Every structure is written in structure tokens, then in C-alpha cells.
Amino acid sequence: MSGLGGRALTDPGTDGDGDFEVGPTYTTQPDLTDRGARKGKSFQFSMTLAESEIFDGKDATLDRSKPVNATRSISVYVPDAYRDGTRAAVLVIQDGPGELNLVRNALDNLTVATDPARKLPAFVAVAVQNGGNDAQGSERGLEYDTMSDRYARFIDLEVLPAVEQNSSVKAAYPNLRFTKDAQGRAALGCSSGGAAALSMGWFRPELFSRIITYSGTFVDQQDSDAAEEAEYPLGAWEYHSSKSLIANSARKELRIFLNVNESDLRSTDAESTHHNWVMANRRTAAALKSKGYHYRFVFGRGRGHCDAAVKSATLADALIWVWRSYEPSGE
């Protein structure tokens with residue numbers, strides 16, 4: 001396998017790959033709680049949508065009855081184990097702050113773990129608020145459900161540089177720079193945020209390679225008047241059905257964690273409307289397996305959409321699995 005510039009990567013093996021079930025009872029993983037480890041530093045600032053060159057809140061596909069946020073909040077957590085001046089690995093969290101509290105505890109506890117099999121790299125967590133509202137015609141839907149590299153470019157070209165240049169961040173970490181190596185860049189999201197995470201890696205695998213999705217919206221939720229409809233008329237449903245993008249494309253350098261829950265969103269006429277979350281996630285997992293990807297699929301029994309108990313019972317292991325074999329490149 002190769003990553004940035006053809007750099008040889010350590011084969012992570014297949015431990016933890018495959019299909020799993022959890023529930024119907026759930027216990028929060030201890031590593032996702034405050035266990036008294038040394039804390040890092042938290043930062044928060046806002047970005048103005050109107051000043052963005054990629055998502056300015058004025059897209060022609062937007063339904064004007066759905067409000068667009070004037071600003072988006074950016075929350076940043078730098079773990080105590082990070083050393084200023086080293087190229088920082090990063091996890092981008094959609095719908096910020098999203099799962100940031102859980103991730104923060106995992107970083108505190110697992111960057112100093114004595115068991116190498118459960119140790120996390122000292123990545124920086126960046127939680128990005130969506131642009132507002134939900135589903136077709138919304139700014140959030142435009143950002144997350146569109147089948148293109150637009151959101152990945154937004155994170156790479158606007159959000160991560162804004163974090164590096166933020167005055168509070170610079171005061172504490174004057175030499176913080178994010179790695180350009182895709183193997184050191186991960187994305188996490190739930191629902192449409194999960195679809196965004198997968199699309200970040202799918203359309204720009206040279207930018208993001210480690211993906212965690214909960215209740216991913218791998219269904220037809222792209223705006224019907226989006227330009228991308230011409231190539232992907234069924235939106236994210238195309239990953240696993242119709243065009244079968246995963247099956248019919250060359251395997252990309254991605255590690256992908258997927259979750260769906262027993263009572264997740266589904267329509268009564270799912271096959272014709274392309275809106276069955278359970279079916280969509282099962283098909284996506286099957287396509288990844290068939291294509292030889294490193295994937296981990298977790299089915300949550302007795303729970304619904306983006307369930308907090310499922311996340312609390314699985315996210316530490318998901319982070320450990322998705323970051324497995326990461327070795328900083330210095331780039």
C-alpha cells in the first residue's frame with residue numbers, strides 16, 4: 001500500500017475488520033469518560049459563511065424557506081500529548097461540536113495508554129458546525145449530501161488553515177501545522193455528517209483516508225437540482241446500488257467504520273424511494289467487503305438514528321481501529 005508521494009505504509013492486518021453486533025444493552029466505554037488524565041487545550045471561534053469561497057450560503061439550489069447560519073462555530077481540541085512544531089494529525093467532526101466530548105476523553109486517556117494496541121496518536125480534533133437546517137434545499141444538505149469533493153475542499157482549504165491561523169490557537173501553539181498526509185487525516189460524522197465523512201475520503205482520498213460514520217445517510221438525499229444529479233441521480237445511494245460506485249471503482253486507500261441501528265430511519269417503500277438507512281448501510285458494508293477494503297460494520301440492536309448509547313459503547317474502539325497502523329510522515 002502507498003500513501004502520500006508513494007510512501008510505503010505498514011499493513012494494518014485485518015484484526016477488527018468485518019461485521020459486528022452490539023446491544024440491546026449498552027455500557028459506556030471507560031476510555032470515553034473522564035479518568036483523570038492530563039487535559040489538553042480547547043478553543044472555539046467562528047467563521048462567517050458570506051466570506052467563504054466554497055460555501056457562502058447563497059447557492060442556487062438552496063430553499064430560501066430554510067434558514068442559513070450567518071456564522072459557523074469551529075471547536076478545536078489539542079491533546080496534552082501533542083507537541084508543538086510536529087505535523088499534527090487531525091480528526092474532523094461534522095455537525096460540531098458533535099461527538100467532541102467523547103473524542104476529547106478518548107484522546108486524554110488513549111494517547112498515554114501503555115497498551116500499544118489501544119494507543120491513539122495525538123491528533124487534533126476539529127469540530128465544524130454545519131451551515132444550517134437539514135435535508136434537501138438546506139445548507140447542511142448541500143454541504144453533506146452532495147456527491148462531490150466540495151466539502152473536502154472546504155475543510156482542506158478554508159477550515160484547517162483557519163484553525164492554524166486563529167490567534168488563540170497560535171498563542172498556545174505557534175508552530176501547529178496539520179499534516180498533508182491523508183493517512184493522518186480522519187473524518188467522523190453521523191447521519192448526513194456520516195455521508196459527508198465518506199464523501200471526503202471517496203472523492204479526495206489524497207486528503208482524507210480514515211472514516212467513521214454513524215447512521216450514515218447513504219440514501220438519495222442530494223438536492224434534485226444539484227449539478228451532481230447528472231452523474232449521481234440517486235445521491236449517496238449510488239455508493240452501493242444503481243451505479244454501485246464502491247464495487248465498480250478501483251479500491252481507494254481508505255479505512256471505513258460504519259454503524260447502523262435496528263430502528264434507524266427507513267421508509268415503508270424503501271427499494272423504490274431509496275431511503276432505507278439500514279439497507280443502505282448493510283449494502284455499503286457488503287460492497288466494501290467485496291472490494292477488499294479494511295472496513296468495520298457495527299449493527300446496533302434495539303436503538304435508532306444516531307443513538308448516543310451506541311456511540312458511547314463503541315466510539316473508543318472505532319477510533320482505535322480506524323487509526324490503526326498510523327505512522328507520522330513528517331509531511
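Since every read-out is calculated from the coordinates, none of them should be taken as a lab result. This one's a predicted model, so the numbers in the text were calculated from it and none came from an experiment. Note that each Cβ is placed from the backbone with ideal geometry, even for glycine, and that neighbours are counted across all protein chains shown.
Points worth noting:
- Here the simple spin-label model places points 7 Å from the Cα toward Cβ, and for ARG38 and ASN248 these points are separated by 5.3 nm.
- Charge sum, other residues only, whose C-beta stays under 15 Å from PRO174's C-beta, Lys/Arg counted +1 and Asp/Glu -1: +3
- Ranked by the mean number of other Cβ atoms within 10 Å of their residues, highest first, the peptides 36-46, 138-148, 192-202, 305-315 come out as 192-202, 138-148, 305-315, 36-46.
- Straight-line reach from LYS58: taking Cα to Cα under 24 Å and skipping same-chain neighbours fewer than 8 places apart, the lysines in range are LYS66.
- Label zone (LYS180, point 7 Å along Cα-to-C-beta; backbone nitrogen cut-off 19 Å) within segment 76-120: 85-91.
- Net charge, PRO30 excluded, C-beta distance under 14 Å - Lys, Arg +1, Asp, Glu -1: -3
- Largest mean-square fluctuation among GLU99, GLU206, GLU51, in a Gaussian network model of the chain whose springs join Cα atoms under 10 Å apart, belongs to GLU51.
- When Rg and the Kirkwood Rh are both derived from Cα coordinates, the Rg/Rh ratio for segment 156-206 amounts to 1.05.
- For segment 1-144, the Rg and Dmax computed from alpha carbons only, in angstrom: 18.9, 53
- Point-charge dipole on Cβ atoms (K/R +1, D/E -1) for the chain, about Cα centre, debye to 20: 1020
- Segment 84-166 - Debye-derived log10 I(q)/I(0), Cα point model, q = 0.13, 0.20, 0.21 Å⁻¹: -0.52, -0.99, -1.04
- Computed FRET value (nearest 0.05) for ALA60 with GLU164, which takes r as the C-beta separation and R₀ as 35 Å: 0.65
- For segment 237-331, the Kirkwood radius over C-alpha pairs fed into Stokes-Einstein at 25 °C and 0.890 mPa s yields D = 167 µm² per second.
- Scalar couplings 3J(HN,Hα) for segment 227-239, obtained by applying the Karplus form with A = 6.51, B = -1.76, C = 1.60 to θ = phi - 60°, are 4, 5, 4, 4, 9, 10, x, 10, x, 5, 4, 5, 4 Hz; x denotes Gly and Pro.
- ³J(HN,Hα) computed for each position of segment 110-126 - Karplus, 6.51 cos²θ - 1.76 cosθ + 1.60, integer Hz, glycine/proline x: 9, 6, 10, 4, 7, 7, x, 6, 10, 9, 9, x, 7, 7, 8, 9, 10
- Overall form of segment 10-55 per C-alpha gyration tensor (a/c, 1.5; a/b vs b/c): prolate
- Excluding same-chain neighbours fewer than eight residues apart, the lysines reachable from LYS291 by a Cα-Cα span under 30 Å are LYS119, LYS180, LYS243, LYS252, LYS311.
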